[in-house]
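Encoded as structure tokens, the structure appears first; notes follow it.
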Amino acid sequence: MVTASSCFKLISRYSPEINFSTASSRTIRSYSVSILRRFGEIRLYRYNSLSTRASPDEEEVTHETLTQMLATAENDPKSKKNCTAYVDKLCRAGNLPAAYRLLQSLRDKNIFLPTAYSCLLVAAAERNDIELSSQAFKDLLVSQTSLSSACYLKLARSFLKTDDCDVLLRFVEEVSQLAFPESTIVVNRIIFGFAECRQTEKALLIFDHIKGSKCKPDLITYNMILDIFGSVGRVTEMLHEFASMKEVGVVPDFISYNTLLNNLRKVGRLDLCLLYFNEMLKSGIKPDLLTYTALIESFGQLGNIEEALRLFNDMKLRQIRPSIYVYRSLINNSKKMGKLDLAMSLSEELNSSSLSDLAGPKDFKRKYR
């Protein structure tokens, strides 16, 4: 019995180096010549116990064992599970290069293990290994029709400890080419992943970069950028991008306007809230429950009960059902302003309303159209 470390040395010896900076899908799809071609004829050998025996650092595998492991995986679903388990074991042991070389060799046999690649991506992200996580992500991208949001988050986390803009933008360019014709969809998800990991500047850097590339920002891109700027209080830049999207022919939707209104109210710019609310109406975009909730709450908290009540009545005229939250906001703010009769009237109206008269949780989740 020999150790698995020598098995990995064999994989290293028979597998050419990986070029992590390649940009074409042809390069991604044709990595190295299969090590199976170099091992020659194989003999039947016990394989199933390989992934369940000793740890990757405690057991060697002969040429024939490795060859049998790869060959068996081609036709035996159970052995594919064993391969995945073995890759996971390698990742847990910190032997990520060996795990990737094994997956690469399996790909040479047209055997792709998504779960194993996900394990590798997670492990690479935890170690901030940008090259390996980028390569694993690209492999997943060209081999699957859709990646989970977790994959994009793990990718973003691998960039946490670097400020190398060139590496990031080069990766975005490669992914953009690989994902064509769905480049914008994939890049949007990358931007979202970086924003979720609080890497705001990197998310904005990617956005600025694609403005001048073939992968143009779309409505979803701009809505994300508006939210990113708004969430960190950079409302001037938020409004600038809102104007820019209209200049390049991207028409704002209700999400765009709701994002503006929600973030403007947070910084007390109710004058601009009304301005964009009226612009929204003139554009033919119908305000929804979220729109009115944000405005009614804001004006009520500032003591402008008259404007809050006007918006409340306008909402009902548009047959948008108010929620309990809207009623309570109006009632509480009316009491604070000493308008006790109004507060009592609203309270009676609420108590006499049936559940069907009030908006529920699902009404706050308007579907994107």
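To keep it simple, each residue is scored yes or no on (1) modelled with pLDDT of 90 or more; (2) crowded, with 19+ Cβ neighbours inside 10 Å; (3) acidic (Asp, Glu); (4) not in a helix (DSSP H, G or I).
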| residue | (1), (2), (3), (4) |
| --- | --- |
| Met69 | no, yes, no, no |
| Thr72 | no, yes, no, no |
| Ala150 | yes, no, no, no |
| Asp163 | no, no, yes, yes |
| Asp166 | yes, no, yes, no |
| Glu174 | yes, yes, yes, no |
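If I filter region 129-138 for residues that are modelled with pLDDT of 90 or more and not in a helix (DSSP H, G or I), do I get at least one hit?
Yes.
Whether any residue in region 97-105 is under 26 Å from Val172 (Cα atoms), surrounded by 19 or more Cβ atoms within 10 Å (Cβ to Cβ) and without any contact (Cβ under 8 Å) to a residue 40 or more places away in the chain is what I want to check.
For region 97-105, residues under 26 Å from Val172 (Cα atoms), surrounded by 19 or more Cβ atoms within 10 Å (Cβ to Cβ) and without any contact (Cβ under 8 Å) to a residue 40 or more places away in the chain: present.
Among (1) surrounded by fewer than 21 Cβ atoms within 10 Å (Cβ to Cβ); (2) closer than 21 Å to Glu174 by Cα, there is one condition Glu126 misses while meeting the rest; what is its number?
The one condition Glu126 does not meet is (2).
Could you count how many residues in region 249-296 are acidic (Asp, Glu) and touching a Lys or Arg at 6+ places or on another chain (Cβ under 6 Å)? Break it down stepwise before answering.
Going residue by residue through region 249-296, those that are acidic (Asp, Glu) are 253, 271, 279, 288.
With the extra rule that they be touching a Lys or Arg at 6+ places or on another chain (Cβ under 6 Å), the set shrinks to 288.
Count: 1.
When you check Ile190 against the structure, is it of a type in the set (A, V, I, L, M) and either in contact with a Pro (Cβ under 6 Å, 6 or more places away or on another chain) or buried (at least 21 other Cβ atoms within 10 Å of the Cβ) (or both), yes or no?
Working: of a type in the set (A, V, I, L, M): yes; either in contact with a Pro (Cβ under 6 Å, 6 or more places away or on another chain) or buried (at least 21 other Cβ atoms within 10 Å of the Cβ) (or both): yes.
Yes, satisfied.
Which of the residues that make up region 311-336 are out of contact with any helix residue (DSSP H, G or I) (no Cβ under 9 Å at 6 or more places or on another chain) and charged (D, E, K, R)?
First pass over region 311-336, keeping only residues out of contact with any helix residue (DSSP H, G or I) (no Cβ under 9 Å at 6 or more places or on another chain): 313, 316-317, 319.
Lys316, the sole residue that qualifies.
Can you find a residue that is over 28 Å from Ile220 (Cα atoms), touching a helix residue (DSSP H, G or I) at 6+ places or on another chain (Cβ under 8 Å) and assigned to a helix (DSSP H, G or I) anywhere in region 350-363?
Yes, the conditions are met somewhere in region 350-363.
Exactly one of these conditions fails for Val251: (1) modelled with pLDDT of 95 or more; (2) surrounded by 14 or more Cβ atoms within 10 Å (Cβ to Cβ); (3) not polar (S, T, N, Q). Give me its number.
(2)
The values are calculated or read from the model by the stated rules, or taken from the named source; none is laboratory data. The structure displayed is predicted, hence computed values, not measured ones. A quick note on method: Cβ atoms are made from the backbone with ideal geometry, for glycine too, and the neighbour counts reach across all protein chains shown.
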